[in-house]
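Peer 1: The structure under discussion is supplied below as C-alpha cells; questions concerning it will follow.
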Amino acid sequence: MKSVSAQRVFERLYADADALNRRNILELIGPGPYTSLCDLGCDDGSWTVELAAACGHPKTYGVEIIASRAEIARSRGIEVVVSDLAQRFPFPDGEMEVVHANQVIEHVPDVDHFMSEIQRILAIGGLAIISTENGSSWHNIFAAFMGWQIFSATNISTRTGGIGNPLALHRGTTGAVDSWTHKTIFNFRGFRELAEVHHMKVVDIAGAGYHPLPATVGRFDPRHAHFLALKAIKIA
C-alpha cells in the first residue's frame, strides 16, 4: 500500500499535468472567434465554459452520458444532449467549427466511429481538439518494464480500480461505471495517424506532464509526456 506522503506526491504530479494539459488545449484553440463549439463528454460544463471563452463565446453544445451532469451543464448555458458517444452524434453534417474531447477517446468502444463522427459534424476547415493519455509516457514505460499494467491501462474494470499496478493512483477504489473504464490507450504516432486516416490534417500535438520532473518538461518532449493534446483540421 502506498504511504500517505507518496499518495500526495502522485496526486500533485497528476494535478499539475492535468492543469498544464488544459492550458495547452486553450492555446491550441488559437485565435477565434468561432461560431460553434461542441464538447464531447462535457460532464457538468465547467470546463466547457472555459473552452467557449477561448473560442470567443460561440453557440456551445455538449454531449454527456450522465443525465444529472448534463443538467448542471445546461444550467451554465450549454445546449446538452444526453447521449452515448458510441452512437451517432446528435448533430447535422458540417455543423461545428470546433469539436473538443478531453480524456474521452480512451473510454469509447470504437475509436473509428468516434473519429468518423467528429469528422462528419465538423465543417470543412473546422478544428478538432482531442486529448488523451500517452502510452509512451516515461511512467508508463517504467510500469511496463516492471511487468505491471501501465498506469493508463489500470482503469479497465468496474470491480476495482488500479488493477495490475501497485502504484496506481486509484488502486482499490470502487464504484466505477463502464463508461469510465479505458478501452484504448494511444501512443504518439498512433494518435496522429488515426486523425490522418480520418481525413484530418494534424497541426500540432502538445505534451503535458513528465513524471517525476515538472509538468512543463512534457512540452519539450510530447512523445514521452503524460498527456497528449492534438489539434487537427478537417480537410475533406
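Peer 1: Only one of these is farther than 24 Å from Asp112 by Cα and either surrounded by fewer than 15 Cβ atoms within 10 Å (Cβ to Cβ) or basic (Lys, Arg) (or both): Asp178, Asp221. Name it.
Peer 2: Being farther than 24 Å from Asp112 by Cα and either surrounded by fewer than 15 Cβ atoms within 10 Å (Cβ to Cβ) or basic (Lys, Arg) (or both) holds for just one of Asp178, Asp221, which is Asp221.
Peer 1: Ok, one more. Which one is surrounded by the fewest Cβ atoms within 10 Å (Cβ to Cβ) among residues in the stretch 94-127 that are small (Gly, Ala, Ser) and over 12 Å from the mean Cα position of the chain (by Cα)?
Peer 2: Here the answer is Gly125.
Peer 1: Suppose we filter Ile141, Ile185, Ile121, Ile150 for residues that are modelled with pLDDT of 95 or more and touching a strand residue (DSSP E or B) at 6+ places or on another chain (Cβ under 6 Å); which single one remains?
Peer 2: Selected residue: Ile121, the only one of Ile141, Ile185, Ile121, Ile150 that is modelled with pLDDT of 95 or more and touching a strand residue (DSSP E or B) at 6+ places or on another chain (Cβ under 6 Å).
Peer 1: Would you kindly identify the helices (runs of 4 or more DSSP H) lying entirely within the stretch 103-202 that contain at least 2 residues that are in contact with a Phe, Trp or Tyr (Cβ under 7 Å, 6 or more places away or on another chain) and in contact (Cβ under 8 Å) with a residue 24 or more places away in the chain?
Peer 2: Helices (runs of 4 or more DSSP H) meeting the threshold: 111-121, 138-145.
Peer 1: Quick check on my filter: what residues within the stretch 204-218 are surrounded by fewer than 22 Cβ atoms within 10 Å (Cβ to Cβ) and either over 16 Å from Leu28 (Cβ atoms) or more than 17 Å from the chain's Cα centre (by Cα) (or both)?
Peer 2: Residues satisfying the conditions are Pro212, Leu213, Pro214, Thr216, Val217.
Peer 1: If I ask for residues that are surrounded by fewer than 17 Cβ atoms within 10 Å (Cβ to Cβ), touching a residue at least 40 places away in the same chain (Cβ under 8 Å) and among the charged types (D, E, K, R), which ones from the stretch 24-61 would you list?
Peer 2: Within the stretch 24-61, Glu27 is the sole residue that qualifies.
Peer 1: Output the qualifying pairs, or none if there are none: Cβ atoms under 7 angstrom, residues six or more apart or on different chains, first residue in the stretch 224-235 and touching a residue at least 40 places away in the same chain (Cβ under 8 Å) and closer than 18 Å to Val104 by Cα, second residue charged (D, E, K, R) and buried (at least 24 other Cβ atoms within 10 Å of the Cβ).
Peer 2: Here the result reads His226/Glu133; Phe227/Glu133, each pair linking the stretch 224-235 to a residue that is charged (D, E, K, R) and buried (at least 24 other Cβ atoms within 10 Å of the Cβ).
Peer 1: Can you tell me which of Arg69, Arg88 is loosely packed, with under 14 Cβ neighbours inside 10 Å, in contact (Cβ under 8 Å) with a residue 12 or more places away in the chain and of a type in the set (Lys, Arg)?
Peer 2: Arg88
Peer 1: Out of Gly172, Gly162, Gly190, report the one residue that is buried (at least 17 other Cβ atoms within 10 Å of the Cβ) and either closer than 30 Å to Ala52 by Cβ or out of contact with any Pro (no Cβ under 7 Å at 6 or more places or on another chain) (or both).
Peer 2: Every option except Gly162 fails the conditions.
Peer 1: Collect the residues in the stretch 48-84 that are touching a Ser or Thr at 6+ places or on another chain (Cβ under 7 Å) and among the aliphatic types (A, V, I, L, M), keeping them in residue-number order.
Peer 2: Passing the criteria: Ala52, Val63, Ile65, Ala73, Ile78.
Peer 1: Still on this structure, I have one more. Looking at Thr48, is it of a type in the set (S, T, N, Q) and in contact with a Pro (Cβ under 9 Å, 6 or more places away or on another chain)?
Peer 2: no
Peer 1: Which members of the stretch 182-204 meet the condition of being touching a Lys or Arg at 6+ places or on another chain (Cβ under 7 Å) and more than 26 Å from Ala123 (Cβ to Cβ)?
Peer 2: Within the stretch 182-204, Phe188 is the sole residue that qualifies.
The values are calculated or read from the model by the stated rules, or taken from the named source; none is laboratory data. On a predicted model such as this, the values are computed, not experimentally measured, just so you know. Here Cβ is always computed from backbone atoms with ideal geometry, including for glycine, and neighbour counts include all displayed protein chains.
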